[in-house]
Structures are given as structure tokens and as C-alpha cells.
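Structure record follows, encoded as C-alpha cells.
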């Protein structure tokens, strides 16, 4: 049964990064099931912290993108490291999308799907759904504020306690909850008893050919946000890629972008910065390399980076720095190698194993990833489960 669905998200293309791609995949997947889909999001500004030129000076823009209605509202953009500034940025969008209430009253959605984090945007969306008398589903991709604490972005105190209260209120306001990992849902089940569904952030079904290992230096690629959570700058500083005969190629943007670019411009260090590519271009770029790098600077409970599933689709063996459920998936599918955050010795050992791996073992790893994508981690299979979950009373 098709539905009129409104998705509220703080991120959406043409913004880059996992969060924007996650919601794009969700919207397009629901559309493919015959639903009418509307996305409510801010004017594009991430990760630069500045409204994109095409949308500059506007309060509201409505577009139709791939048969999806996209309503973009004003936001005070920021990439400041100051919590109070970023908080105000989130509040600005949480306030501005309430201007949609009159059009939503005229034609009520069947259900809202509301992305969390940010917590305050999620709270505002949940309250909007309640005011309108509509069903809602909370889509939790990270456990905030716990993730922020583990990333050392914030410390325990009055602000942390405030965010914890908002987090619990959000869970209690949700009619149903979907989460990106088992750990996320286990955490939430300690607060509320409702209907839950695991919803992985996986790409559309597309079967790529099995890759072979290239000759010469081992070529590792990182494509994504260049922020504190990923710790790419620290890895550039700590590992001499030239000395170990390995190349690190970096695509993306974020808070560490300028420093990484400057680092790559130093002569003869085997670190190459390529800037930003579109979502359409980046997959072809990644296929040129041997190993996909997915690092987390700290252990983050519940985190399951979507890059893992994207690399599976592309048949690229995975070099993961992290722990938890992602580590278990990589091990069970024989998709690559993993090490704990901040364990540079183990990371270097894994790089060495990949460097010395013969072509037959490399091909097997590539094949394992493609099979995992085809048989389990693709959007079409996820959508079957999600549509059934939405249709349940």
C-alpha cells in the first residue's frame, strides 16, 4: 500500500557525505515502492558551512528532484567547532520548517520519517507530526549525545544532561523507531518499548565486476568527510606512506580539509588530495584503487559507517579502523581487515598484509564483498522490509 511520506532531515544532496546520501537513498527507495515522497531539509550548506551559491539569499526553495518533492528551508549555516554556534544552526532549521505547517494541514501526510541526529531538529519534527495528528517514524543513525561524548566533542555536564533529556523525549514521542545497527536499537530499548526495525544505510543494487589487485604501490583510497570523527589528518601525520611503499588518496571536504591539502602538497610523501567529486563520479574514482579506507578516531557505540556497504558494492577490500558491529560484519563476510582506533601498529600491520596479499586472495576478498552486496546489503532488499514496517498499524 503506497503512502504520502514526508522525510525531515538536516542533510540532503547536493550536500555531500554519508548523511545526505543516506536520506537520498531512503527517499528514492520509498519512491520506487510507489509512495509519494517529500523531503524537508535546509538550504544546502554542508560541509562548507555556507549556503551554496544557487540558493544564496533565499528563505525557501521547492524543487522536484528525481520525482521527489524537495522543500529547502532557511538555516543559519556554520561549521564552527563551538557547540553553541552549531546548536543555534540546528535550531534555526528546526524553527524554519514550521512554516510548512499550513500546506501540511491542507494535505496531511500519512507518516513522517524523521532523521536523528540532530536531536533538536528531530524533536521539532516529532512535535510537528503530533500537532498535525500524523504517524511518525524516528530514524536513528547515531546515538547522541553518547557519540559526541565518545568523540570528545562535548564533555559530561549540564549541556550533556540537557541533550540526554532531549534524546529520551524523542524516543518517547516516536510511534516507531528504525536504527542503523543492533547496538543502536539495544540502547533505545533501554528507554522505550515500541516497534523497532534494523534499517541499514546501503546503496542501490548494482553488481560490479570482481577486481584484481593493481601492480606497483598499494593504492588506498578514503572518500568522505574530513572531520574530527574520521581522524584522517592524524593518520597523515603519523604514518609515513612513502616509507612503506603505499599511496593514500583522499577525496572529500570538511574541517580538516585545508590542513590535509597542505600536507599533501609537501613533496614526496605519497599522500594525494583530490578534493570533492559528485556522488555519481566518486564510485568510478574509488574503483581505480586497491583498498577502501574507513577510519574512526574513537570507539563510537552504535556506529556503523555506510562506507562499508558502499565498498562492498564496488568489490573493494576494506581497511577498517573501529570496533563494534562493523567489525563483526567485516569479519563474517571476509570483506577486509580491521584494527582498533588509535592502534597505529595494528593499522600498519594490516596495510602490510594487504600490500603482500597475492592476487588470488585479493580477488576472493573482492568477490566476498560483491556477494555480500548482492545477497544482503542492497537498498532493494532493505526497502521490502521498510515498506512492510511502514504499512503495519
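The values are calculated or read from the model by the stated rules, or taken from the named source; none is laboratory data. Here the structure is a predicted model, which means the values were calculated and not measured. Note that we place each Cβ from the backbone using ideal geometry, even for glycine, and neighbour counts take in every protein chain shown.
Just a few scattered comments:
- Members of the range 165-192 found to be within 21 Å of residue 324 (Cβ to Cβ) and assigned to a helix (DSSP H, G or I), listed by number: 167, 171, 182, 183, 184, 185, 186, 187, 188, 189
- Of the criteria (1) under 19 Å from the mean Cα position of the chain (by Cα); (2) at pLDDT below 95, which one residue 284 fails: (1)
- Residue 268 meets the conditions (1) outside any helix (DSSP H, G or I); (2) surrounded by fewer than 21 Cβ atoms within 10 Å (Cβ to Cβ); (3) out of contact with any helix residue (DSSP H, G or I) (no Cβ under 7 Å at 6 or more places or on another chain); (4) touching a residue at least 40 places away in the same chain (Cβ under 8 Å) in every case but one. The failed one is (4).
- Filtering the range 1-22 to residues that are more than 20 Å from residue 281 (Cβ to Cβ) and in contact with a strand residue (DSSP E or B) (Cβ under 9 Å, 6 or more places away or on another chain) leaves 2, 3, 4, 5, 6, 7, 8, 9, 10.
- Among the conditions (1) without any contact (Cβ under 8 Å) to a residue 24 or more places away in the chain; (2) within 24 Å of residue 18 (Cα to Cα); (3) in a loop (DSSP other than H, G, I, E, B), residue 156 misses just one, which is (2).
- Some residue of the range 111-119 being touching a helix residue (DSSP H, G or I) at 6+ places or on another chain (Cβ under 7 Å), more than 29 Å from residue 296 (Cα to Cα) and touching a residue at least 24 places away in the same chain (Cβ under 8 Å): yes
- For residue 10, the test of being part of a helix (DSSP H, G or I) and either buried (at least 21 other Cβ atoms within 10 Å of the Cβ) or touching a residue at least 60 places away in the same chain (Cβ under 8 Å) (or both) is failed.
- Test result for residue 211, without any contact (Cβ under 8 Å) to a residue 12 or more places away in the chain and farther than 26 Å from residue 255 by Cα: no
- Complete set of residues in the range 133-152 that are farther than 20 Å from residue 194 by Cα and either buried (at least 16 other Cβ atoms within 10 Å of the Cβ) or in the same structural domain as residue 303 (by TED's automatic domain parsing) (or both): 145, 146, 147, 148, 149, 150, 151
- Failed criterion for residue 147 (all others in (1) in contact with a helix residue (DSSP H, G or I) (Cβ under 9 Å, 6 or more places away or on another chain); (2) closer than 26 Å to residue 386 by Cα; (3) modelled with pLDDT under 90 hold): (1)
- Single condition residue 240 does not satisfy, out of (1) assigned by TED's automatic domain parsing to the domain that holds residue 316; (2) more than 21 Å from residue 255 (Cα to Cα); (3) surrounded by 15 or more Cβ atoms within 10 Å (Cβ to Cβ): (3)
- Within the range 52-105, if we keep just the residues that are in a loop (DSSP other than H, G, I, E, B) and touching a strand residue (DSSP E or B) at 6+ places or on another chain (Cβ under 9 Å), the residue that is surrounded by the most Cβ atoms within 10 Å (Cβ to Cβ) turns out to be 75.
- Enumerated strands (runs of 3 or more DSSP E) restricted to the range 271-325, each holding at least 2 residues that are buried (at least 24 other Cβ atoms within 10 Å of the Cβ) and either assigned by TED's automatic domain parsing to the domain that holds residue 370 or in contact (Cβ under 8 Å) with a residue 60 or more places away in the chain (or both): 291-295, 318-321
- Per-region count, the range 205-249, residues on the phi > 0 side of the Ramachandran plot and part of a loop (DSSP other than H, G, I, E, B): 3
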